[in-house]
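Q: This is the structure I have questions about; it appears just below.
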């Protein structure tokens with residue numbers, strides 16, 4: 001029998017709990033800013049990754 005080294009469902013639940021804890025006490029405006037800032041950060045990471053891969057190729 002194999003043992004799982006990685007559990008996707010567990011990781012998703014922990015992530016959801018983390019986000020819920022981060023935004024639970026925020027106002028609607030603060031929650032919107034939280035998500036907008038996260039979106040901007042992800043776009044920066046994705047753009048940097050694309051640039052890195054273009055340089056390698």
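Throughout, read-outs are computed from the coordinates displayed, never taken from laboratory work. Values in this document were obtained by computation on a predicted structure and should not be read as measured data. Reconstructed Cβ throughout: ideal geometry from the backbone, glycine too, with neighbour counts over all protein chains shown.
Q: Label-point separation (nm) for residue 17 and residue 52, each offset 7 Å from Cα along Cα-to-Cβ?
A: 2.9
Q: A follow-up question, please. Most exposed first by the Cβ proxy, i.e. fewest other Cβ within 10 Å, how do 27, 3 rank?
A: Working: 27 9, 3 4.
Ranked by crowding around the Cβ, least crowded first: 3, 27.
Q: Averaged over all directions, how much area does the convex hull of the C-alpha atoms of the chain cover when projected, in nm²? Present the calculation step by step, with values, prior to reporting the outcome.
A: Numbers: hull surface 25.9 nm².
Averaging across all directions leaves 6.5 nm² for the Cα convex hull.
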